[in-house]
Amino acid sequence: MQDKFSLNLDGMKATQIYNLILFSLVNISITVAQNPIQQAISQFVKDPANNNSSISIHVLNLENEKEIASFQPNLAITSASTTKLFSTSAAFEVLGANHRSDTKIYLEGELNKEGILKGNIWIRGGGDVSLGSKYFSPEGKELDFLAQWTDSLKKLGVKFIEGAIIADGSAFGYAGVPDGWDWNDIGNYYGAAARGLNLYDNLVKVNFRTFSVGSKSAIVSIYPEVPGLNYKNSVYAANVSGDNSYLYGAPFSLDRSAEGKLPRNQSSFEVKGSMPDPELQISLELYRACMAAGIQVEDGYKSVRTNSLLKHPNYSTMKLLFLHEGKTVEEIAYWTNMKSVNLFAEGLLNQLGYAISGDGSTSNSLAQLTKFLKDKIATEGLILQDGSGLSRSNAISAKHFTSLLNYMWNSKSAESFKKTLPVAGVSGTIKGLCKGQTGEGRIYAKSGTISRVKSYAGYVETVSGKKLAFAITVNNFTCTSSQITDKMEKVLNAIAAY
């Protein structure tokens, strides 16, 4: 039996331990409270606009790889175009900054001394997304490369082709679009899928003429001209200042629809839609260019997808006439992140699969991307269904992003990768972000925006000289996109001021 002294001593020890624990908890609470980033995050989370939101935030010190602040950092949610950080970083690491995809032109058959080709000309696609792109050509000059191709044929002595111009993009498959793409997107220019053969950013320009308010518009032209392409037009003139129309249509389908509103009394108003079949279109365009250059093509233009007799061509029996080199990974990745070009992101993703295994399909390329990431970052809970972020089936946490950004910070491609990122208040898709605020010029980040989704992820060079990686994603907020951006700026400025 213990005496009174022992009991009192035990009681004193218990009190001391209690006080020590309480003191420690108070200190931890004060430390958290003193972290201005965590304070800003707490205020953001408590905002009424986020009462029903899914939020994932993580801020990482790149110099010691320690967490600075967070909120549900492991919550994997839809992140929109910040997803492009995965496809562009992997392209740098796996393919290399100077890698180029190419398009090869083959001669099948015999070319006699009179310049008559008793056979076909084949266009073999290597997935080049820069072919005829506005990002690499002056306006109106995007298809000038076709004249170079026909000049090359003429120099080789080709005057008459008894066969056809045949396009082959089969190495990249003919799936429609990646899983999770919305029907509202795939007929519009930003919903154009990447193919084995790509042309003119895989878009068509539909020009409408509008009349008085409430009257139906008229489609006056489509460029490039696509034989058989038909839009069911339900676009009306209204008192609007910009484009409030939408183009709908499934991949490879020529039957499409146009709905919405455009400004009244316009003689020509351009709306961009996705090109139904870039593979078939490029064979048509080379056919037209050959005919214009005086090279007759007897059997017209064809594509592998639309002609079962043309599947599995044996290129070892053909003669490679020339190849057209595309732009480098570094050049394509720049526009992918700077202007958030979905087609380029999907094209870079597909290049992974094609370069590694000869299969550039989205499914194989995603499998190759997953293999690449597996031993580089923590991938638990990460779900990637495309390379651009247009898919709502993607699930990415803030910690997935900061883990990737940390890996790239220490990679051989670090500087090249960082140069592709827009700068807050200065360039690209975040030119208006944190303008005139602490974050201006200090935040290098990719933005992401689709309906009810807003995200940012990238690097921050803070006022005190610290190097940080961050990610912030919000789903299902109840205010407008611009309003949630204003609220997110407070967090971003707090990170920059750290």
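The values are calculated or read from the model by the stated rules, or taken from the named source; none is laboratory data. Source: prediction; values computed, not measured. As a convention, Cβ positions derive from the backbone with ideal geometry for all residues, glycine included, and neighbour counts pool all protein chains shown. For accessibility, only protein heavy atoms count, side chains too; no ligands or nucleic acids. Shrake-Rupley method; radii C 1.70, N 1.55, O 1.52, S 1.80 Å.
Computed about its Cα centre, the charge dipole of the range 84-166 is approximately 80 debye, with only Lys, Arg, Asp and Glu carrying charge at their Cβ. Here the 3J(HN,Hα) profile of the range 200-211, calculated from phi with Karplus coefficients 6.51, -1.76 and 1.60 at θ = phi - 60°, is 6, 6, 6, 10, 10, 9, 9, 9, 9, 10, 10, 10 Hz, Gly and Pro shown as x. Its residues counted as N, the range 123-260 yields a C-alpha radius of gyration over 2.2 N^0.38 Å of 1.26.
Amide H to amide H, with H built 1.01 Å from N, Ser130 comes under 5 Å of Lys327, counting only residues 5 or more places away or on other chains. Karplus-derived 3J(HN,Hα) values for the range 165-182, using 6.51 cos²θ - 1.76 cosθ + 1.60 with θ = phi - 60°, are 8, 10, 9, 9, x, 5, 5, 10, x, 10, 5, x, 9, x, 4, x, 6, 7 Hz; glycine and proline are entered as x.
Ranked by the mean number of other Cβ atoms within 10 Å of their residues, highest first, the peptides 89-95, 342-348 come out as 342-348, 89-95.
Please work out the Cα center distance from the range 296-323 to the range 115-157, rounded to the nearest Å. The distance from the Cα centre of the range 296-323 to that of the range 115-157 comes to 15 Å.
Using a probe radius of 1.4 angstrom, the carbon and sulfur fraction of the accessible surface of the chain is 50%.
Let me check I've understood the local charge: for Phe160, count other residues with C-beta under 13 angstrom from its C-beta, Lys and Arg +1, Asp and Glu -1. What total comes out? Taking every other residue near Phe160 into account, the sum is -1. Each of Tyr354, Val491, Thr336 was scored by the projection of its Cα onto the charge dipole of the chain, and the greatest displacement toward the positive side belongs to Val491; charges sit on the C-beta of Lys, Arg, Asp and Glu. Near the amide H of Ser215, within less than 5 Å, lie the amide hydrogens of Ala237, all on another chain or at least 5 residues away, with H placed in the peptide plane. Between the alpha-carbon centres of the range 344-362 and the range 216-273 there is a gap of 32 Å.
Compared with the dominant principal axis of the Cα atoms in the chain, helix 398-409 is inclined by about 70°. Please name which of Gln38, Pro251, Val204 has its Cα lying farthest along the dipole of the chain towards the positive end, using unit charges on Cβ (Lys, Arg +1; Asp, Glu -1) and the Cα centre as origin. Value: Gln38.
A simple count of charges around Lys467, restricted to other residues whose Cβ falls under 15 Å of its Cβ and scoring Lys, Arg +1 and Asp, Glu -1, yields -1.
The aspartates and glutamates within cross-link reach of Lys205, meaning a Cα-to-Cα straight distance under 18 Å and a gap of 8 or more places when in the same chain, are Glu139, Glu142, Asp144, Asp185, Glu225, Asp243, Asp255, Glu259, Glu270, Asp277, Glu279, Glu285.
In the range 365-498, Cα pairs under 8 Å separated by at least six residues give a relative contact order of 18 percent. In terms of its alpha-carbon gyration tensor, the range 118-176 comes out oblate; a/c meets the 1.5 threshold, while b/c is at least as large as a/b.
Report note on the peptides 304-315, 441-452, 155-166: ranked by the mean count of other C-beta atoms within 10 Å, highest first, their order is 441-452, 155-166, 304-315.
Take the cross-link list Lys302/Lys339; Lys141/Lys431; Lys376/Lys490; Lys46/Lys374; Lys118/Lys302 and give me the ones stretching past 26 Å between alpha-carbons. Correct reply: Lys302/Lys339; Lys141/Lys431; Lys376/Lys490; Lys46/Lys374. Evaluating 6.51 cos²θ - 1.76 cosθ + 1.60 at θ = phi - 60° for every residue in the range 303-316, the Karplus couplings come out as 9, 5, 4, 8, 9, 4, 6, 9, 5, 6, x, 9, 6, 5 Hz, glycine and proline recorded as x.
Using bins of 5 Å that start at zero, the share of Cα-Cα pairs per bin across the range 203-310 amounts to 2, 12, 20, 18, 14, 12, 9, 7, 5, 2, 0, in whole %.
Pairwise Cα distances in the range 339-465 exceed 23 Å in 37 percent of cases. Rg over Rh for the chain works out to 1.11, both radii taken from alpha-carbon positions and Rh defined as the Kirkwood radius.
Taken about its Cα centre, the chain carries a charge dipole of roughly 720 debye when the Cβ of each Lys and Arg holds +1 and the Cβ of each Asp and Glu holds -1.
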